[in-house]
Protein chains: 4
Amino acid sequence: MRDVHVVFQIDINCDMGESFGAYLIGCDHEVIKHISSANVACGFHAGDPLVMRQTIRLAKSNNVAVGAHPGFPDLLGFGRRNMTLTREEARNYVTYQVGALRALCDSEGIQLQHVKPHGALYNMAVEDPDLAGAIVESVKDFRQELILVVLANSKMQKVAEEAGLKVAREAFADRAYNPNGTLVSRRVPGAVLSDVNQIGDRVIKMVKESKAFSVDGKTVELGRVESICVHGDNPEAVKIASTISTALMKEGVQVRPMAEFL
Amino acid sequence: MRDVHVVFQIDINCDMGESFGAYLIGCDHEVIKHISSANVACGFHAGDPLVMRQTIRLAKSNNVAVGAHPGFPDLLGFGRRNMTLTREEARNYVTYQVGALRALCDSEGIQLQHVKPHGALYNMAVEDPDLAGAIVESVKDFRQELILVVLANSKMQKVAEEAGLKVAREAFADRAYNPNGTLVSRRVPGAVLSDVNQIGDRVIKMVKESKAFSVDGKTVELGRVESICVHGDNPEAVKIASTISTALMKEGVQVRPMAEFL
Amino acid sequence: MRDVHVVFQIDINCDMGESFGAYLIGCDHEVIKHISSANVACGFHAGDPLVMRQTIRLAKSNNVAVGAHPGFPDLLGFGRRNMTLTREEARNYVTYQVGALRALCDSEGIQLQHVKPHGALYNMAVEDPDLAGAIVESVKDFRQELILVVLANSKMQKVAEEAGLKVAREAFADRAYNPNGTLVSRRVPGAVLSDVNQIGDRVIKMVKESKAFSVDGKTVELGRVESICVHGDNPEAVKIASTISTALMKEGVQVRPMAEFL
Amino acid sequence: MRDVHVVFQIDINCDMGESFGAYLIGCDHEVIKHISSANVACGFHAGDPLVMRQTIRLAKSNNVAVGAHPGFPDLLGFGRRNMTLTREEARNYVTYQVGALRALCDSEGIQLQHVKPHGALYNMAVEDPDLAGAIVESVKDFRQELILVVLANSKMQKVAEEAGLKVAREAFADRAYNPNGTLVSRRVPGAVLSDVNQIGDRVIKMVKESKAFSVDGKTVELGRVESICVHGDNPEAVKIASTISTALMKEGVQVRPMAEFL
């Protein structure tokens, strides 16, 4: 009998480049050390052309892959407020933002790896096949090996896969899951976890067993997960990112940009 | 003695796609019939992602080439107010806007032909080598046969040519020229011409003799001109565009997108 | 037996001042002749400080009263797209906009008469007591005889009246009503009427009998109505406004600013 | 011979409320302890309606007077970039912003004390009588005892005084002065001072002797000064604010809101 040795590979992604003009936000220079893919804001919900270029440079010098992080045109709400767009609006807003970032990537000599919608655009697309379809249509337009990051086991994943898109399924190590596999709303107490040991255990389970713990104490099947989302908007979040990255490496899981193993 | 037959070729360019959301501006559907290149607004001074795509489609179906028309981030001032940007700001604002439009061109299956800065960005760059340099740097970044439209005989032309950029030198048939070859400020009475016969004569002189009439009644050497700029923001402007296009064709001048003969 | 003679009084309101910078929209100079109250956009969904002052002057010189027309911070969507704001956001966005307009009214020597929310803010508030409450709270803050315009028979009317606010109940002569008294969504064919004779008859019924025709052919009780909303965004709309105003005056109904009889 | 005892009174003002949505900037909660007047951003260059109300509350609970801090419509540039506005644009942009803040002050039950233009609007107005005139015109419109804060000894001061406006002349304890009394540009090394002892000495000289040290080592006559501007955008700035406030109080100078002694 042969000795089977499975090598687990995972990507860690984080939102970055969300500063705007004189406004600084996020601990990009810290968190960049613990991730393999950066979701770079594109100027609608956050970010500006200068910040975008600086963030691309930061990622490049840390061997971190770059993705576009398009959001709603709502800087005042940081893209976190639901907006009812038509399908055509959503599609073109995404293409515009991804195209702008891709041009800056070209200029810095790196290839754009992925697209991950931001905030309310992501949350609405997870549940709304029509909005997800608009995003999928936009990503397909780029006619290259652009990966769409989707919530593992969501309607958005289904829409993207049916359209033949290359997807990366992501899970959240510091977020509570509902029994049906969706994320517990941030407005519910306990939706966001902060115990680093607990988070470390959860992420290993997600990556090795494709399972999350749900709020009712049972386990939820997530299916295969290719990326773990971490946050970097405050020093505490950076600590969690570091915990996750360390826990994965200790377990022998290889942390690499999603494009390298998808 | 041989009979020498020179074929004159010229491009006619016009700003387009400057509507924004519910706000409609310009007579794009009329003026498109009289031009060969469309300068499409990119969302900073005017235009939005939907309007951009619709304008690309309009141009494509009329065999009109598409260029990017980046402007200052000043929708309220329609990009016509001077702003003091740093060189890095200017460069990245241009790359962002051109990249966004290029992505929409890709999606519609056409190639982006040129870049022409808008309003105050253009006027300031004509006089300011540093700002012109920022724009040139951005256009070079696109690593393709992207043409920069410059005012014939300006500092901006010089900066672009020294950087090895492919340029199209443009002249204005409906604008008065100063003796030194710059345009008379719009604030000066008589800066904008409206007599269609006079405009028709002027454009022939510009294209065939590389000369403009200056406000002091003398002629100004413009050097070779590859594009004539027309306006399409009101029915009167459309009439002038039509006059120019008709006058050129009557004289046997071929009106074609700049990329076809540059 | 005494001869009872009832004098009917009604206000006609219309959205105005929705131009923005170089972008002109609406037929304000035409429609102003047929109305008694102008809802002036306040810079969030439309309008800008210059347009606001010019619109106040236009209203003043036509003896038309001025109200604030606050909207969502969504110029790109003209305030017509639903946005999920917190109650505090909604309240402060309204106070900000109304305060800005009031200052310009002060400067032009006229008193601000009313507040009427715009587009999606209005439509959402009609159904959502919490959002309506935020608007009511803001209007109360102005500590003067500021009137809130509400859809007749709506939840918004109820919230405003319970808070002790002075309200003007409005009806739409050119919109179809559902059997329950709400407006038929604009997305439904037939939601917006265009037959001027039909509109003339409807408005008389609204004002004299407090009734509207519903889409199922029956009549809906609207309750007392103090203002009729007309539109002025295109020449056809101006014709309808003129029809309504003429029909009312022919029937002996006095058209006056709401503050004069409320 | 009588013993003459002069009581010096001075105001200390600081820019505040410059956060925007999710973007936090400034150390408002620290610096508020060391000042007597807050210049509250009004949503154009920084600030938003919620932040404005929160800042008014913060000022009120610290017995600090509130002023409006209008800026250019350039959030991306934080209002620090020169823009060429027409006089009418400038006037109405100021009225709009001051009106919005005044409404929030009304709602919180406090009176608006002053107006101080921000960043490039301030710097341009200091040198440009036409722009200063537009601001003055706007402040006069408010028909109340609104004070305009001006750079001591500037053209802006002259324009305001000639128009009969109540002015507060301000000086900068942590900025280097040119021999002609203007501020050394921030782009010049040494323009911003950081030695707290030196700053403490300078502010006493400004308040008690109406003099500043110029960069050539000589003293410049500032004329009477009623307010000292301090910064609060970083912990170091807060330390300077504290130094200035402490130095003044040690010397027996009373630190009070400008309206109390003007």
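The values are calculated or read from the model by the stated rules, or taken from the named source; none is laboratory data. None of these values were measured; they are calculated from a predicted model. Here the Cβ positions follow ideal geometry from the backbone for every residue, glycine too, while neighbour counts run over all protein chains shown. All accessible areas refer to the heavy atoms of the entire protein, side chains included, with ligands and DNA or RNA removed. Shrake-Rupley method; radii C 1.70, N 1.55, O 1.52, S 1.80 Å.
A few comments on the model shown:
- Residues of region B:121-162 that turn out to be in contact with a Leu (Cβ under 9 Å, 6 or more places away or on another chain) and of a type in the set (S, T, N, Q), as a count: 4
- In region B:81-102, residue farthest from B:PRO49 (Cα to Cα) [restricted to those that are in contact (Cβ under 8 Å) with a residue 24 or more places away in the chain and more than 7 Å from every other protein chain (Cβ to nearest Cβ)]: B:ARG87
- In region B:147-159 there is at least one residue that is assigned to a loop (DSSP other than H, G, I, E, B), touching a Gly at 6+ places or on another chain (Cβ under 9 Å) and among the polar types (S, T, N, Q).
- Annotation: of all residues in region C:37-77 being open to solvent by 10 Å² or more (accessible area, probe 1.4 Å) and at positive phi, the one that is nearest to the other protein chains (Cβ to nearest Cβ) is C:GLY43.
- Top-ranked residue in region D:14-36 [being within 13 Å of the chain's Cα centre (by Cα) and open to solvent by less than 20 Å² (accessible area, probe 1.4 Å); ranked as farthest from the other protein chains (Cβ to nearest Cβ)]: D:SER36
- Breaking point among (1) away from chain B (no Cβ under 14 Å); (2) more than 18 Å from A:ASP11 (Cβ to Cβ); (3) touching a residue at least 40 places away in the same chain (Cβ under 8 Å), for A:VAL149: (2)
- First in region C:223-242 and on the phi > 0 side of the Ramachandran plot and surrounded by fewer than 24 Cβ atoms within 10 Å (Cβ to Cβ), second anywhere and modelled with pLDDT of 90 or more and part of a helix (DSSP H, G or I), Cβ under 9 Å, 6 or more apart: C:GLY223/C:GLN157
- Odd one out for A:GLY71 among (1) touching a Pro at 6+ places or on another chain (Cβ under 8 Å); (2) closer than 27 Å to A:VAL255 by Cα; (3) in contact (Cβ under 8 Å) with a residue 60 or more places away in the chain: (3)
- A:ILE110 passes every criterion in (1) over 18 Å from the mean Cα position of the chain (by Cα); (2) within 22 Å of B:ASP106 (Cβ to Cβ); (3) within 10 Å of another protein chain (Cβ to nearest Cβ); (4) open to solvent by 10 Å² or more (accessible area, probe 1.4 Å) apart from (3).
- Of D:GLU161, D:GLU170, D:GLU209, all but one fail to be free of Cβ contacts under 8 Å to residues at least 40 places away in the same chain, surrounded by 14 or more Cβ atoms within 10 Å (Cβ to Cβ) and of a type in the set (Asp, Glu); the exception is D:GLU161.
- In region C:188-204, the residues that are open to solvent by less than 40 Å² (accessible area, probe 1.4 Å), part of a helix (DSSP H, G or I) and without any contact (Cβ under 8 Å) to a residue 40 or more places away in the chain: C:ARG202
- Looking across region A:173-187, the residues that are of a type outside the set (Ser, Thr, Tyr) and surrounded by fewer than 22 Cβ atoms within 10 Å (Cβ to Cβ) come down to A:ARG175, A:ALA176, A:ASN178, A:PRO179, A:ASN180, A:GLY181, A:LEU183, A:VAL184, A:ARG186, A:ARG187.
- Leading residue by the ranking (surrounded by the most Cβ atoms within 10 Å (Cβ to Cβ)) among those in region D:114-146 that are away from chain C (no Cβ under 14 Å) and assigned to a loop (DSSP other than H, G, I, E, B): D:PRO117
- Test for D:SER154: is it farther than 22 Å from D:ARG256 by Cα, of a type outside the set (A, V, I, L, M) and away from every other protein chain (no Cβ under 14 Å): yes
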